[in-house]
Amino acid sequence: MHKDNQPLIFELSTEGRIGYSLSDLDVPEVNLDELLPEGMKRTTEAELPEVSELDIMRHYTALSNRNHGVDSGFYPLGSCTMKYNPKINESTARYPGFANIHPLQDESTVQGAMELMYDLQEHLIEITGMDDVTLQPAAGAHGEWTALMMIRAFHEANGDHHRTKVIVPDSAHGTNPASATVAGFETITVKSDEHGLVDLEDLRRVAGDDTAALMLTNPNTLGLFEEHILEMASIIHGVGGKLYYDGANLNAVMSKARPGDMGFDCVHLNLHKTFTGPHGGGGPGSGPVGVKKDLIPFLPAPVLVKKGDSYTFDYDRPQAIGRVKPFYGNFGINVRAYTYIRSMGPDGLKAVTEYAVLNANYMMRRLEPYFDLPYNRHCKHEFVLSGRRQKKLGVRTLDMAKRLLDFGYHPPTIYFPLNVEEGMMIEPTETESKETLDAFCDALIQIAKETEENPEMVQNAPHTTVIGRLDETKAARKPVLRYTK
Ligand SMILES: *Cc1c(COP(=O)(O)O)cnc(C)c1O
């Protein structure tokens, strides 16, 4: 449903027009026709648009202006920590000494890059309270899987082959059960109690000598801090299982509490959330995993080590689970996270946590009179509202999310977590001003009023965007529509 006439790049095409000029060849010409095996040669010309350089610049600039990004507007997407990405991170990541090195270069020529990674590991060890960290995993879910493979290797090394079950609360992030399954475990779900916290009775019931691990998202996906962590730790350790901390959203606890001190054996972090790496669109991310001593032998090889004054990769790790990422993780994201940690300093990181939690609680209390609040207690970095009051008037949470687009906001995460009816999960982050938070609350309050006075306005939203309401099923089932002339 296009509301304007922005043409496709193919529609701009004019035969013979070109957008580039190459300098004269200064190496001998190669006849590709002779080099390529028969079966690999094109039989028809590639269908490419023929446009000038200016056409292509304007086309993509126009498209980029329609995108919603962290730099263009408020983005309160719960469980995603869409905070501002400081531009100083971009300049450091582009230093030629970082940006132009090759991963196969001799170690002696990349000592600076290795020092940065080593130092970053040291910072993350301090922040999480763990004994060692690997920077290899490329995303949060990848970190979860890496840690579970280590837990599995640990149990197997102890002859504990019957530990096949991973316990995951129903308030965990959706990637947790998925990672457990991919790592070859059976997932056992434990319920939340009426306060939105893990039900300890249920946990005691399912924990046993087949338990490999408990995966805990904390704060959980309701934005609530799990209060009975030490008890959970003693239940799981009591049956010989390992404790895994999903620390993707460390924004709410960083510099205040450490998973290592709570008794966790391993943790993953999302550098592309708390530590200001840009994300969305699939990466590149970084999901480092921190471990306690017991799990160190199983860290993915190679392990970055310091020998005297220099750094080297240690491949001699007989119990390692293997390599989980080519080379050593997504280096550029590590440079950004390192820059962030160093420029904030310990006091800055503590302030991040305090403001992230303050902002979320402020918004929750401003919105509470207009929406249902299923778990009415202090939240951490995010909170979950329910649109069930609006649903009775014929307006779904999806409609309200679409209506927010008319106000220029990216909608929050909706219909998650699954145990909240018509859920709306809002995470403001610490980087937004009170004015921005208020303006967003005003928009949601207006939508709640429209729902009572003029529900069609919300049901038919959005009204002002370039593209109207999308067919979500079609978008998922048929993501690419091939252009045909
Ligand atoms: C985002 C998130 C993940 C997954 O991280 P990816 O980088 O998207 O794989 C896992 N757990 C929690 C709590 C998260 O918020």
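The values are calculated or read from the model by the stated rules, or taken from the named source; none is laboratory data. Worth saying up front: this structure is predicted, and the values here are computed from it rather than measured. Neighbour counts run over all protein chains shown; Cβ positions are idealised from the backbone, glycine included. Surface accessibility is based on the protein's heavy atoms, side chains included, excluding ligands, DNA and RNA. Shrake-Rupley method; radii C 1.70, N 1.55, O 1.52, S 1.80 Å.
Before moving on, here are some points about what is shown:
- Computed label-point distance, nm, for sites L200 and E115 using a 7 Å Cα→Cβ extension: 4.9
- Linear extension gain, S13 paired with N65, 0.36 nm per residue minus alpha-carbon span: 16.6 nm
- Kirkwood Rh in Å, taken over the chain so that all alpha-carbon pairs contribute: 25.1
- Calculated FRET value between D314 and R389, using beta carbons and R₀ = 60 Å, to 0.05: 0.55
- Here the dipole of the stretch 358-485 is about 660 debye; that uses its Cα centre as origin and unit charges on the Cβ of Lys and Arg (positive) and Asp and Glu (negative).
- Taking Cα centre as origin and charging only the Cβ of basic (Lys, Arg, +1) and acidic (Asp, Glu, -1) residues, the dipole magnitude of the stretch 374-441 rounds to 440 debye.
- Placing +1 on each Lys and Arg Cβ and -1 on each Asp and Glu Cβ, with no other charges, gives the stretch 102-220 a dipole about its Cα centre of roughly 440 debye.
- When the Cα positions of M57, V27, A46 are compared along the charge dipole of the stretch 1-65, M57 comes out farthest toward the positive end, with charges on each C-beta of Lys, Arg, Asp and Glu.
- Given their separation in residues at 0.36 nm each and the Cα-Cα distance between them, T189 and L470 gain 97.8 nm when the chain is fully extended.
- Among the chymotrypsin sites (Phe, Trp or Tyr not before Pro) in the stretch 18-76, those placed in a DSSP loop whose Cβ has at most 13 other Cβ atoms within 10 Å are Y20.
- FRET efficiency, 1/(1 + (r/R0)^6) with R0 51 Å, evaluated for E435 and N5 via beta carbons: 0.90
- Take the Cβ atoms of R94 and E453, set R0 to 56 Å, and the FRET efficiency comes out at 0.65.
- Carbon-plus-sulfur accessible fraction, the chain (probe radius 1.4 Å, protein heavy atoms only): 53%.
- Each residue, V239 and K293, gets one label point 7 Å from its Cα in the Cβ direction; the gap between the two is 2.7 nm.
- Diffusion coefficient, µm² s⁻¹, Stokes-Einstein with Kirkwood Rh over alpha-carbon pairs of the stretch 352-475 at 37 °C and 0.692 mPa s: 222
- Extreme residue, positive dipole direction of the chain, given options I445, N334, A113 (C-beta unit charges): I445
- Between the stretch 367-431 and the stretch 93-120, the C-alpha centres lie 43 angstrom from each other.
- For K434, the lysines whose Cα falls under 28 Å of its own Cα, not counting residues fewer than eight places away in the same chain, are K83, K87, K256, K273, K350, K380, K402, K449.
- Excluding ligands, DNA and RNA, the accessible surface per residue across the chain is 50 Å² with a 1.4 Å probe.
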